[in-house]
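Structure first, then comments.
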Amino acid sequence: METIADIEQLRQLIQGWHRAGERIGFVPTMGNLHEGHLALVKEAKKRGDRCVVSIFVNPMQFSAGEDYDSYPRTLEQDQAILEGAGVDLLFAPSAAAVYPAGNGVQTRVEVPGISDILCGASRKGHFIGVATIVCKLFNYVQPDLAVFGEKDFQQLMVIRRMVTDLAMPIEIVGLKTVREADGLAKSSRNGYLSTDGRDKAPKLYETLKLTAKAIAEGDRDFSRLEANGLEILQTAGFRPDYFTIRRADDLALPSQQDRDLVILAAAYMGTTRLIDNLNAA
Ligand code: PAF
């Protein structure tokens with residue numbers, strides 16, 4: 001596996017693959033890879049002839065005071081993992097190459113309506129940063145398909161909308177969340193948890209499951225179910241940001257008739273912000 005930081009060099013290699021008629025699968029990441037990322041790689045390999053992974057901790061999607069500086073950067077370990085997974089190419093550009101004039105003056109991609117709610121409400125500008133970097137990465141890598149995890153449900157929706165609205169000829173594949181044995185969604189941020197926090201963290205998924213079960217059994221009192229969820233999380237030692245039941249296709253508040261639902265949650269355990277979601281009907 002080759003690691004490339006240079007954008008021109010990347011373009012040349014990719015052009016050669018396209019000329020040879022090869023289908024390129026792409027997995028954008030911020031590194032510190034875990035089994036969740038490996039599932040995305042496996043899917044990209046299954047669907048394409050070539051598999052490209054990017055590692056770039058994107059400053060534009062972090063707000064002031066968030067974990068940009070402390071975000072785990074484990075390039076050598078990640079390279080070994082990707083090599084073992086049979087990835088063809090790792091693209092790992094520098095922030096200076098991606099944002100030569102700084103990300104403050106970068107043209108922005110904004111997906112309206114779904115970018116400033118839920119995680120976008122507490123992390124101002126986060127989804128503009130995500131959409132902008134994913135758009136740039138798509139332009140560098142020119143993939144035929146790209147694979148993202150459903151753990152970041154809102155992010156996946158933002159990316160799908162961007163690709164549709166900007167007519168990008170890229171197939172977006174969403175993949176089921178990979179979990180630890182106790183249900184906690186795999187995330188690079190799990191490494192921040194204290195031993196005690198790690199013990200308590202699976203309660204997030206348990207609360208989602210409990211709520212999905214109640215909905216499946218016919219409980220349509222969404223406000224009460226949300227209030228219950230928040231209370232369970234608080235009692236379990238979380239500081240919840242939101243626990244909400246939405247329509248799965250547009251994240252709008254559901255009516256009593258809506259059946260395709262998603263329960264989304266974000267909550268702090270100590271200083272670690274965890275997110276998770278579960279479909280319900
Ligand atoms: O999900 C992530 O790791 C990031 O938000 C992404 C999609 C790689 C963009 O920086």
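Filter region 106-127 down to the residues that are among the charged types (D, E, K, R) and touching a residue at least 12 places away in the same chain (Cβ under 8 Å), then identify the one that is nearest to the ligand (Cβ to nearest atom).
Residue satisfying both the conditions and the ranking: Arg123.
State which residue pairs qualify: first residue more than 8 Å from the ligand (Cβ to nearest atom) and of a type in the set (Phe, Trp, Tyr) and inside region 128-139, second residue open to solvent by less than 10 Å² (accessible area, probe 1.4 Å) and outside any helix (DSSP H, G or I) in any location, beta carbons under 9 Å apart, and separation of 6 or more residues or different chains.
As it stands, the answer is Phe138/Phe26; Phe138/Ala146, since those pairs meet every condition given.
Inside region 124-170, can you point out the residues that are part of a strand (DSSP E or B) and under 22 Å from Asp6 (Cβ atoms)?
Ala146
Those residues that are touching a Pro at 6+ places or on another chain (Cβ under 9 Å), of a type in the set (A, V, I, L, M) and under 18 Å from Leu145 (Cβ atoms), I need them from region 1-26; list them, please.
Of everything in region 1-26, those that are touching a Pro at 6+ places or on another chain (Cβ under 9 Å), of a type in the set (A, V, I, L, M) and under 18 Å from Leu145 (Cβ atoms) turn out to be Leu10, Ile14, Ile24.
In this structure, is Gly183 under 23 Å from Ala281 (Cβ atoms) and open to solvent by 40 Å² or more (accessible area, probe 1.4 Å)?
no
Conditions: (1) in contact with a helix residue (DSSP H, G or I) (Cβ under 7 Å, 6 or more places away or on another chain); (2) more than 12 Å from the ligand (Cβ to nearest atom); (3) within 30 Å of Gly48 (Cα to Cα). Thr207 meets all but one. Number of the miss?
Unmet condition: (3).
Can you name the residue in region 47-80 that is over 19 Å from Glu35 (Cβ atoms) and in a strand (DSSP E or B) and is also farthest from the ligand (Cβ to nearest atom) among such residues?
Arg50
Starting from region 143-166, keep only residues that are within 22 Å of Leu184 (Cβ to Cβ), then list their pairs with residues that are of a type in the set (Ser, Thr, Tyr) and within 10 Å of the ligand (Cβ to nearest atom) whose Cβ atoms are within a distance under 9 Å, requiring at least 6 positions of separation or different chains.
So the pair list comes out as Lys151/Ser187.
Does any residue in region 31-60 that is among the small types (Gly, Ala, Ser) come within less than 7 Å, Cβ to Cβ, of a residue that is near the ligand (Cβ under 10 Å from one of its atoms) and open to solvent by less than 30 Å² (accessible area, probe 1.4 Å) six or more places away or on a different chain, and which pairs are these?
Close Cβ pairs (under 7 Å, with a partner that is near the ligand (Cβ under 10 Å from one of its atoms) and open to solvent by less than 30 Å² (accessible area, probe 1.4 Å)) amount to Gly31/Ile55; Gly31/Val57; Gly36/Gly149; Ala44/Val27; Ser54/Pro28; Ser54/Thr29; Ser54/Leu137.
Scan region 78-95 for residues that are farther than 14 Å from Pro28 by Cβ and either crowded, with 19+ Cβ neighbours inside 10 Å or in contact (Cβ under 8 Å) with a residue 12 or more places away in the chain (or both) and jot them down.
Of everything in region 78-95, those that are farther than 14 Å from Pro28 by Cβ and either crowded, with 19+ Cβ neighbours inside 10 Å or in contact (Cβ under 8 Å) with a residue 12 or more places away in the chain (or both) turn out to be Gln79, Ile81, Glu83, Ala85, Gly86, Asp88, Ser94, Ala95.
Report yes if Val98 is open to solvent by less than 40 Å² (accessible area, probe 1.4 Å) and farther than 29 Å from Gly120 by Cα, otherwise no.
no
Looking at Ser115 and the list (1) more than 15 Å from the chain's Cα centre (by Cα); (2) of a type in the set (S, T, N, Q); (3) not in a helix (DSSP H, G or I), which single condition is not satisfied?
With respect to (1) more than 15 Å from the chain's Cα centre (by Cα); (2) of a type in the set (S, T, N, Q); (3) not in a helix (DSSP H, G or I), Ser115 is out only on (1).
Yes or no, residue by residue, for (1) among the β-branched types (Val, Ile, Thr); (2) within 13 Å of the ligand (Cβ to nearest atom):
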| residue | (1), (2) |
| --- | --- |
| Phe148 | no, yes |
| Met162 | no, yes |
| Ile170 | yes, no |
| Thr177 | yes, yes |
| Lys186 | no, yes |
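The values are calculated or read from the model by the stated rules, or taken from the named source; none is laboratory data. Predicted model only: the values in this text are computed from it and were never measured. Cβ: placed from backbone, ideal geometry, glycine included. Neighbour counts: every protein chain shown. Areas reflect the complete protein model, heavy atoms only, side chains present, ligands, DNA and RNA absent. Shrake-Rupley method; radii C 1.70, N 1.55, O 1.52, S 1.80 Å.
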